[in-house]
Amino acid sequence: MEETEEGFIKLYTKTVNHEETVEDSCEEDSALDSMSDELELVNPGIPTFKNLRHLLKVLGYTQFHKLAHNVVIGNQIIVRGSEKVLVKSMIDCLKALLPKGCCRVISYSSKYEDSWRCNFLGLTEEVTLPSHIQTSDMYAMVDIKEPEKSGDLSPPDCDDFVGYHFELTTTTALPEKIPTVLSKLEVAIMNDHLNYSVVEQCLICHKEEWMNKVKVLFKFTKAEGNRSEEDTKKLLQVLGAQEEDKQVLKFWMTGLSVQYRTHMLSATMSQF
């Protein structure tokens with residue numbers, strides 16, 4: 001089973017050899033990413049995030065909500081910390097909020113990388129953001145502050161975040177009404193009556209629903225020529241999308257594969 005760039009699930013009729021699986025080409029380019037896994041095993045007692053529900057409980061709803069909003073509207077998400085395995089686990093969890101095609105990842109780097117290269121960026125703790133980024137409202141950064149070292153030599157519980165602090169930096173103001181898809185995703189994540197495997201299926205369904213809206217909007221506004229603002233507004237009403245959803249739809253449109261875009265444009269041109 002594989003998730004497509006549009007966020008849909010592809011089923012195979014034969015077993016896929018894991019060694020033949022090619023990772024998303026967007027998850028490359030960091031020099032530190034090419035290091036061996038030995039780096040991640042330096043301290044096996046470092047806690048890691050297991051899923052979005054776990055992340056929400058550790059960060060608290062307020063910080064999680066602000067971070068998740070930045071994710072779904074396409075702002076660059078930066079996670080800075082000294083432990084690669086912890087930084088990467090947070091990024092891996094946050095990716096589940098987006099269709100696969102919208103995720104461009106550099107999981108751990110010793111230098112800042114521009115947002116056009118990645119919308120998820122992990123940084124070593126000594127990296128300083130460029131001044132033009134610090135004054136921008138197009139990013140959100142989580143600084144992971146580890147607890148001070150103690151004389152206790154026993155390894156900590158891998159699920160124990162006691163002593164850790166997470167500082168969220170963002171100048172992006174939360175709108176009066178949040179995007180509909182974010183609201184639906186959060187409701188699923190916070191439903192403790194659901195096993196998390198069920199939550200994951202709910203997240204996939206919500207992303208599929210909104211990617212379908214994105215496809216209709218792409219065909220209407222891009223493939224079939226310029227449309228007036230009034231026509232687009234009427235279409236959004238038909239789709240059940242509101243003003244607060246426009247930024248999400250625009251960003252998620254970048255997650256459509258090149259093959260899909262080319263096919264839609266070619267099919268439209270062949271009609272004339």
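Here are the numbers for this structure:
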read-out: Carbon and sulfur %, accessible surface of the range 101-250 computed with the full protein complex present, 1.4 Å; value: 51
read-out: 30 Å Cα-Cα threshold exceeded, pairs from LYS111/LYS219; LYS100/LYS222; LYS84/LYS213; LYS184/LYS250; value: LYS111/LYS219; LYS84/LYS213
read-out: Projected label distance in nm at ALA267 and SER131, using a 7 Å step from Cα toward the beta-carbon; value: 5.1
read-out: Whole-Å semi-axes of the ellipsoid equivalent to the range 74-195 (Cα gyration tensor, √5λ, descending); value: 25, 22, 14
read-out: Rg/Rg_globular for the range 157-272, with Rg_globular taken as 2.2 N^0.38 Å and Rg from C-alpha atoms; value: 1.39
read-out: The range 157-272 - accessible surface per residue (Å², probe 1.4 Å); value: 60
read-out: Segments 134-146, 69-81, 46-58 sorted - mean Cβ within 10 Å per residue, highest first; value: 69-81, 46-58, 134-146
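The values are calculated or read from the model by the stated rules, or taken from the named source; none is laboratory data. Worth saying up front: this structure is predicted, and the values here are computed from it rather than measured. Every residue, glycine among them, receives a Cβ derived from its backbone with ideal geometry; neighbour counts consider all protein chains shown. These area figures cover heavy atoms from the full protein model, side chains too; ligands, DNA and RNA do not enter into them. Shrake-Rupley method; radii C 1.70, N 1.55, O 1.52, S 1.80 Å.
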